[in-house]
Protein chains: 2
Amino acid sequence: MIQPFELGTDDIAATVTQLPKGFTGAGVNCGVRKYRPDLGLIVSDFDCAASGVFTKNKIKGASLLDAMSKLPGQKIRAIVTNSGQANTATGEGGVQDNKRMVDEVAQLVDVSPGQVLSASTGVIGVPLEIEKICRAMPELKSRLTTSANQFATAILTTDLVPKMVSTEIVLSEGTVRLTGICKGSGMIHPNMATMLGYFLTDAKMEPGLVDQLLKESTNDSFNMISVDGETSTNDSVFFLANGASEVELKDPKDIEVFREKLMQMSKFLAQSIARDGEGATRLIQFKLNGVVDNDESRRLARSLSISPLIKTAINGCDPNWGRIVARLGMEGIEANAILEVQVQGMTVWSRGEGIQFDDAELSRQMRSDSVTIDIQLNLGADSITAWSCDYSVKYIEINADYRT
Amino acid sequence: MIQPFELGTDDIAATVTQLPKGFTGAGVNCGVRKYRPDLGLIVSDFDCAASGVFTKNKIKGASLLDAMSKLPGQKIRAIVTNSGQANTATGEGGVQDNKRMVDEVAQLVDVSPGQVLSASTGVIGVPLEIEKICRAMPELKSRLTTSANQFATAILTTDLVPKMVSTEIVLSEGTVRLTGICKGSGMIHPNMATMLGYFLTDAKMEPGLVDQLLKESTNDSFNMISVDGETSTNDSVFFLANGASEVELKDPKDIEVFREKLMQMSKFLAQSIARDGEGATRLIQFKLNGVVDNDESRRLARSLSISPLIKTAINGCDPNWGRIVARLGMEGIEANAILEVQVQGMTVWSRGEGIQFDDAELSRQMRSDSVTIDIQLNLGADSITAWSCDYSVKYIEINADYRT
């Protein structure tokens, strides 16, 4: 079932899915889902400086409410994740079920419940099958290994591939390891919502630095992808640093190196979610140049990335620049502010109006597993990138399919 | 080709598609489109008090820029509309082409160009085939009749049915007539964008009243529909009052009667656009109760109406309340503010959590040509309604289809 994840970047090797020092992971089928692994656990042998980034949706799963009460602040030792049931909109019973899952893990690995985080993903509004989860705990513990693969598979819902990546980072005082794992492919049948992300490092880090680096990297990666413009009730990204390498991340130059690797990994994983979007046939990269690096520009890039008309045009390999320009106009951009639009590197719009281009040739070039749209505006000197995927007939089929 | 439009309301009769007194209309095929009528004209024998409401998209068609320069203010005598080409993002040439279309009509009906409005709908970025349009002018004039049907058909792009309705309104001093015509079914292959609306009355009205009533009625009707969340570059709604009935609309009670009819007609026409959305199989009505009547509530209702997950669930007759509640949460609504959610009148959520209901029976009831979602919040005492349609496989097929 577990396939090596094709990474497509040079310096992050495809075969390395080892967890950093002092971390172990496991995944089992506890019986909530029919065959697939549906319960995962990550354990750290040492206390971790930890931080989390959570959904802005006002309706939050029980696991999120618990994790938000612990982060930042608590020294974390474990994260448990179940897939198939979101434990959201399940009332006080749901809160109790989550508490029991956390308590069981705490007992299992002999730490306090305050040191255990949880995450749930799956159907909204059905009670967690907590008995099945509890019964699987001993097996889960017995399967703990130093590989990320089991865990990365157990957290999936409708994803077609597990998403994980490991790298070593050489710092001035030694080498540390960084592993990223995530899941997500849209909000789906029936609300298998949720983007989950986990970053683990054996670097020794101050909690404040963990928090700062996570927020920075999330902002330009996971916050810039869209499959369908929906925000899940359970989105969470965690970052744990357990210090097992005994190499401290403190020197500004080292921090810069680490930040760069973390950002690169975050963008890679974020793209892998967009690429694995429900029914997606290709990744779309929207690169806005000539903008100010602020929330307004991010909103603009995201608006392009959720446009149903752009997403369907790209599904049909149609270099339909009218839809791109109209969407920019809808977001308040004047025609003369749009200096250039390129699709797959071919200019289709220049200085306020559309230009002649080889339509058939460009369409042929769009028959690729990724399509890049470069837009040059005259609003600033920065660049913002957002990722999305095309809308296919399959997206509708997946999401219109009746639950029962 | 012209089928009587099925109206479905009691007091607006299906067979009456007569224009108000002093108005005539026509439609011809000028050759831009292969077979279908693609050029329409409405003429008034008398000067009209007139107003218009236009797209907020910053990129506007040449016809809009011209109409916006004339309204409010000019006494209007004619509106010409071509379908198939939006004349948007066509540079200075597009402005000149539009001017020529307006000038030709002015000469044709012997009024000044300042008294002629134009509207274009169709492909963005291709030059208007102005020669074909000019050549068809004499035929267009020769076909002017007192019926709305020819015009209503000539302005269509991907709409499956023409959309028009006429009614008589009895006021204290006599009877006036009101006709509404519109088109629109999403932004489409390849950007046959645009919602166009025309309200014509033979009541005698002050320009300020024309303007006020149009803005009020548009706000709760055409501004509350969505097919795919896209805003076209050419959206326009016009309201012309030519006074041919010699009955003045001035008495506050009369104004109230007229306002009510105009609102009713606007909502009916707006719904008919949503129902005719690209690939749509059913109309969706989102009724938000317990809100404050303001822009924030309208935005909330519209957000529900553009949710791909809700639209696909309704396509699949899936009473998937998790998606509705998650979308409300995404827009900042807390779970405990959601007092009740009903689908087709059946309660699926009550006081902060989902409740038991007959899933199979409700799904059966959703196999209808319209689905109503009632949401009771605790934020105010008003109600807001938005209309949309489901997302079907056909929506993707229509919009992914390559242009050439």
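Arranged by the count of other C-beta atoms within 10 angstrom, fewest first, what order do B:I333, B:I255 take?
B:I255, B:I333
Could you give the length gained by full extension between B:E334 and B:R36, i.e. 0.36 nm per residue of separation minus their alpha carbon distance, to one decimal place?
102.3 nm
What distance in nm separates the simple spin-label points at B:R135 and A:D358, each placed 7 Å from Cα in the Cβ direction?
Result for the modelled spin labels: 3.3 nm.
If r is the Cβ-Cβ distance from B:K394 to A:L160 and R0 is 22 Å, what FRET efficiency results, to the nearest 0.05? Could the numbers behind the result be given before it?
Details: r = 25 Å, r/R0 = 1.14.
Step by step, r from the Cβ atoms, then E = 0.30.
Which of the GluC sites (Glu not before Pro) found in the range B:226-291 are loop residues per DSSP with 16 or fewer other Cβ atoms within 10 Å of their Cβ?
Qualifying residues, ordered by number: B:E246.
Calculate the translational D of the range B:283-400 in whole µm² s⁻¹ from Stokes-Einstein, where the hydrodynamic radius comes from the Kirkwood formula applied to all Cα pairs, the temperature is 37 °C and the viscosity 0.692 mPa s.
In µm²/s, the coefficient is 229.
For the range A:23-275, what is the relative contact order in percent, using Cα pairs closer than 8 Å and at least 6 residues apart in sequence?
24
How far, in degrees from 0 to 90, does helix A:91-109 lean away from the longest principal axis of the Cα atoms of chain A, to the nearest 10?
That helix lies at roughly 60 degrees to the long axis.
Which value does Rg/Rh take for the protein assembly as shown over its C-alpha atoms, Rh per Kirkwood?
Checking Rg against Rh, the ratio lands at 1.03.
Using DSSP, restrict attention to beta bridges with both residues in the protein assembly as shown and report what percent are antiparallel, rounded to the nearest 5.
70
Pop out the Kirkwood hydrodynamic radius of chain B from its pairwise C-alpha distances, inverse of mean 1/r, in Å to one decimal.
Working: mean 1/r = 0.0459 Å⁻¹.
Computed over chain B, the radius equals 21.8 Å.
Along the three principal axes, how long is the range B:77-120 when you take its alpha carbons, biggest first, rounded to the nearest angstrom?
So the three principal-axis extents are 30, 19, 13 Å.
What's the percent breakdown of Cα-Cα distances in the range A:101-200 across 10 Å bins, shortest bin first?
So the P(r) values, bin by bin, are 13, 35, 37, 12, 3, 0.
Place a +1 charge on the Cβ of each Lys and Arg in the range B:283-400 and a -1 charge on the Cβ of each Asp and Glu, then give the dipole magnitude about the Cα centre in debye, rounded to the nearest 20.
Approximately 260 debye in magnitude.
Which whole-angstrom value gives the distance between the alpha carbon centres of the range A:51-129 and the range B:372-393?
Value for the Cα centre distance between the two parts: 32 Å.
Mind checking B:350-357 for the average number of partner chain beta-carbons within 10 Å of each residue's beta-carbon?
For peptide B:350-357, the averaged partner shielding equals 2.
Evaluate the charge dipole of the range B:111-223 about its Cα centre and quote only its size in Debye, nearest 20, assuming +1 on the Cβ of each Lys and Arg and -1 on the Cβ of each Asp and Glu.
Taking the Cα centre of the range B:111-223 as origin, the dipole is about 360 debye.
Please get the size of the charge dipole for the protein assembly as shown, origin at its Cα centre, with Cβ charges of +1 on Lys and Arg and -1 on Asp and Glu, quoted in debye to the nearest 20.
The calculated dipole for the protein assembly as shown is roughly 780 debye.
Positive end of the charge dipole of chain A (Lys, Arg +1 and Asp, Glu -1 on Cβ, about the Cα centre): tell me which of A:P162, A:M263, A:W349 has its Cα farthest that way.
A:P162
For chain A, what is the mean residue ellipticity at 222 nm derived from helices alone (per DSSP H run of n ≥ 4: -39500 (n - 2.57); sum divided by total residues; nearest 500 deg cm²/dmol)?
Theoretical 222 nm ellipticity from helices: -9500 deg cm²/dmol.
For chain B, take the longest principal axis of its alpha carbons; what is the angle in degrees between that and the long axis of helix B:295-306, to the nearest 10 within 0 to 90?
The angle comes out at about 80 degrees.
Evaluate the relative contact order of the range B:270-404 (contact order divided by residue number), counting alpha-carbon pairs under 8 angstrom at least 6 apart; express in whole percent.
45
Could you give each residue of the range B:237-251 its phi-based ³J(HN,Hα) in whole Hz, using Karplus coefficients 6.51, -1.76, 1.60 with θ = phi - 60°, and x for Gly or Pro?
10, 10, 9, 10, 10, 9, x, 5, 6, 6, 9, 8, 8, 9, 4
Choose one of B:L328, B:F286, B:L309: the residue whose Cα lies farthest towards the positive end of the charge dipole of the range B:283-400 (beta-carbon charges +1 Lys, Arg; -1 Asp, Glu; about the Cα centre).
It is B:L309, whose Cα lies furthest towards the positive end.
Just so you know, all these numbers are worked out from the coordinates, no wet-lab data involved. Everything numeric in this text was worked out from a predicted model, so none of it was measured. Note: ideal-geometry Cβ built from the backbone for every residue, glycine included; neighbour counts use all protein chains shown.
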